1. Given the residues A:ALA337, A:ALA328, which is the only one that is exposed (fewer than 15 other Cβ atoms within 10 Å of the Cβ) and either closer than 23 Å to A:THR273 by Cβ or over 29 Å from the mean Cα position of the chain (by Cα) (or both)?
2. Spot the failing condition for B:PHE108; the list is (1) at pLDDT 90 or above; (2) surrounded by 14 or more Cβ atoms within 10 Å (Cβ to Cβ); (3) under 22 Å from A:PHE17 (Cβ atoms); (4) within 12 Å of chain A (Cβ to nearest Cβ), and only one is missed.
3. Among the numbered criteria (1) surrounded by fewer than 22 Cβ atoms within 10 Å (Cβ to Cβ); (2) more than 20 Å from B:VAL31 (Cβ to Cβ), which single criterion is violated by B:ARG247?
4. With segment A:293-386 as the region, which helices (runs of 4 or more DSSP H) entirely inside it contain at least 1 residues that are acidic (Asp, Glu) and away from chain B (no Cβ under 14 Å)?
5. Of the residues A:LYS286, A:LYS299, which is modelled with pLDDT of 90 or more, surrounded by fewer than 16 Cβ atoms within 10 Å (Cβ to Cβ) and not assigned by TED's automatic domain parsing to the domain that holds A:ALA116?
6. So which of A:GLY227, A:GLY246, A:GLY242 is surrounded by fewer than 20 Cβ atoms within 10 Å (Cβ to Cβ) and within 14 Å of chain B (Cβ to nearest Cβ)?
7. Within the set of pairs 6+ apart or on separate chains, which have a first residue in segment A:360-374 that is surrounded by 14 or more Cβ atoms within 10 Å (Cβ to Cβ), a second that is acidic (Asp, Glu), and C-beta atoms under 6 Å apart?
8. Out of the residues in segment B:125-139 meeting the condition of being of a type in the set (A, V, I, L, M, F, W, C) and either in contact with a His (Cβ under 7 Å, 6 or more places away or on another chain) or over 16 Å from B:SER303 (Cα atoms) (or both), tell me which one is farthest from the other protein chains (Cβ to nearest Cβ).
Amino acid sequence: MKINRRLSRFVILLVFFSVTITGCWSRNEIEDLGIISAAALDAAPNNRVQLSLMILQPPALAGGPGGGGGGAEEAAIIISAEGNNVAEAARNIATMLPRKIFWSHNRLILIGGDLAKRGLHDLDFFSRERQTRLTSWVMVSSGKAADLLKVKTHLEKTPAESLAQLNRSQVSLPIQVYEFLSALSTEGVGPVVPRVDKTPSLEAGKGKEEALKLTGTAIFKENRLAGWANMNETRGLLWLRGEMAGGVITINDPIHAEGYISVRIRDASRKLTVISEEDGLGLRVKIITDVDVEEVQQKSQIGNPQYIKAIEEAVAKEISDHCNKALALAKELRVDAFSFGAQIRGIVPDYWEQVHEEWDNVFSDIPVDIDVEVNIRRMGLRNNTMERKD
Amino acid sequence: MLEKGRIGNFQLYLIILFIILPTAILSVPAVTTGIAKQAGWLAMALSLGFGVAMAVLYSIYFIKFPSKNLLEVGEMAFGKWVGRLIGIGYIGFLLHTGAAIIREFGEFLVTAVMPDTPLSVFIITITLLAAWAVYNGLEVIGRMSEFVFPLLSAATLIVITLVVGEFDFARLKPLQIFDMKVLLAASLIPSSWMGEAVLVTFIIPYVYQARKQSWLWVIGAIVTVGSLLIIITSATILVFGYAEAARLTFPTFSLARIISIGDIIERTESLVMAVWVAGVFVKITLWFYILVLVTAQTFGLKSYKPLILPYAFCLITLSFWLFRNIMGFFQYISTTFPFWAMSFEVLIPIAVLTVALVRKRGKETSENKQEA
């Protein structure tokens, strides 16, 4: 009897499990998926959105570099559709796409200038949908974003790869979806997004073809594009936001009439202090940076303390020039692109309570004192510059 | 006695952890941060204070009535019929909250992982599995928690460690407490979670070692839970900023989503999810177990086992009925639940304890008089 009971239990379990755990409920076979590597959002007439998706073509990818055989085929195809919002546009694409849209590998969300100027309401989708990544990069182009996806890139297989790599360079302010949303929702923080544009090819003699290039920064006022910062203003933004992490600064040789000197930024920090003045408030930004000498053209005694001091001063002046340019731009646009508001909220919350409603106007009138300290620490593997027998 | 199994003090500690933590780490940080803004972690710290106060309350049960559970103490204090009424009240609380936990489990899985799978699949499978675990008794549940605990704590700590790089400490400023009222209101919700530890007062007699020292483990467990909640809430604020952290449905899950280290360690959320499912399973099992135990005790049954299957169906059905959608669930936990829960976590235990202690003392003094 006992054995019979055990046996019947075993059989029941066997039947139960063989019915219930045979496979995945919502399985997705890889050959049924349209894997997206980049999405571009553009303005369409009547307040609609045009969504362009870059969908990878697996055979071309599997061919590998220099495979020869698969070279003719494009690595990815681009499909566009319009909709009242992103979700609708994505559904409209799904009606043309034989495969299921698969967001999980999307690394880049490219936003067209027109849409950014109109106001960006479309990132909600990317943080609500479960497949999309919160860590996708966000970038803005001045022209149509979809056009950038069509650029034939070098070295990297797709524009998405290429732009994700460019984001690692130290002259931009890379921002991910969740950071953008956090910047939108946090008091006293305005989103700034890298700007990317088409440029003539980097391969010599192929003037017709195009490449992608970081050309500065898009400054947002809330969810609307307020203006562009060029590369030098972007450097100023980096310094003033305390996000400068590296890069090279080239200045005129301070002692010789001609020639240039370059220094590489090793370390940088920014400290913000609030000083109360009679008529309101002032800000003092202290920037301290350590640099190494990278290139010297003229015959100079690098070891000479006076010479070093002169270089340090010239570099400091260059940095504060960039900062002042960025500051002037932000004040002109009436956008606090440096998150000064959030800092002030942390340091003098009472004052912030008074001004936060009209912070952008208050910010434009606030005096900002920029103080730069540059320390040259190293000179590389050569002490004096190359000697000429003159 | 209804339960023949026995648990040790460390298992008691883990059981308290599992009674509270698995759902607390999921939904509480967002709700609290929504009210307390950048001081969300401070509200959590405040609720840790309330939690310890409640733990002290439950500890007195361990010290004064080491061989009785809350219902028996209640019967001693108020007599048989009022005692039964208290039991029926707790049955309602356990059934309702147990169903809400099961629903939250299902809703989370459908929202975040498997949108195509019907909610009923998750709810029915987890409840039947929990029923099986309950059938095996307290000892098995205790050992199960010993097995799941290292996984859950490791997963939580790994997630926090991997997002440290994204921390921005300026997001915690200004540190000034702007309004004590706001902080108190914000700490009410996590406090009602901490108070879920009231469930252990029903298993006091089944702790086999040094029951007089058990209270240390009870308080220790609350401190552990509170500290973990403070760390997690701080992490979500430090990474997302308070405004965005409050806008995310499951900020702790989103923390796992943003992990990206060298393009290699990415998309860790599935792993976190698997471990979390194990944790919630233990939580559901514990609530289920206490539910059948209290019912059996209230109505003087010899065994709780016949109750398991009927209750499983009650829980399944109720978890569908309670909320129309996930928004309704969040509305419920941030408005109704703290007050509904606190009456069973604070009011009744205090009332029962006070009367029982007074009666006990009266009895002792009269006994002393007789001796004299």
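1. On the way: A:ALA337 fails: exposed (fewer than 15 other Cβ atoms within 10 Å of the Cβ).
Criteria check complete, one pass: A:ALA328.
2. (3)
3. Going through (1) surrounded by fewer than 22 Cβ atoms within 10 Å (Cβ to Cβ); (2) more than 20 Å from B:VAL31 (Cβ to Cβ) one by one, B:ARG247 breaks only (2).
4. Passing ranges, in order: A:305-333, A:359-365.
5. Working: A:LYS299 fails: modelled with pLDDT of 90 or more.
Result of the check over A:LYS286, A:LYS299: A:LYS286.
6. Numbers: A:GLY227 fails: within 14 Å of chain B (Cβ to nearest Cβ); A:GLY246 fails: within 14 Å of chain B (Cβ to nearest Cβ).
After ruling out the rest, the residue left standing is A:GLY242.
7. Listed by first residue and then by second, the contacts come to A:PHE363/A:ASP336; A:VAL374/A:GLU312.
8. Quick first cut of segment B:125-139, residues of a type in the set (A, V, I, L, M, F, W, C) only: B:126, B:128-134, B:138.
Pick out the ones that are also either in contact with a His (Cβ under 7 Å, 6 or more places away or on another chain) or over 16 Å from B:SER303 (Cα atoms) (or both) and you get B:126, B:128-130.
Working: B:ILE126: 13, B:LEU128: 10, B:LEU129: 11, B:ALA130: 16 Å.
For segment B:125-139, the residue satisfying everything is B:ALA130.
The values are calculated or read from the model by the stated rules, or taken from the named source; none is laboratory data. Being a predicted model, the structure only gives us computed values, none of them experimental. Note: ideal-geometry Cβ built from the backbone for every residue, glycine included; neighbour counts use all protein chains shown.
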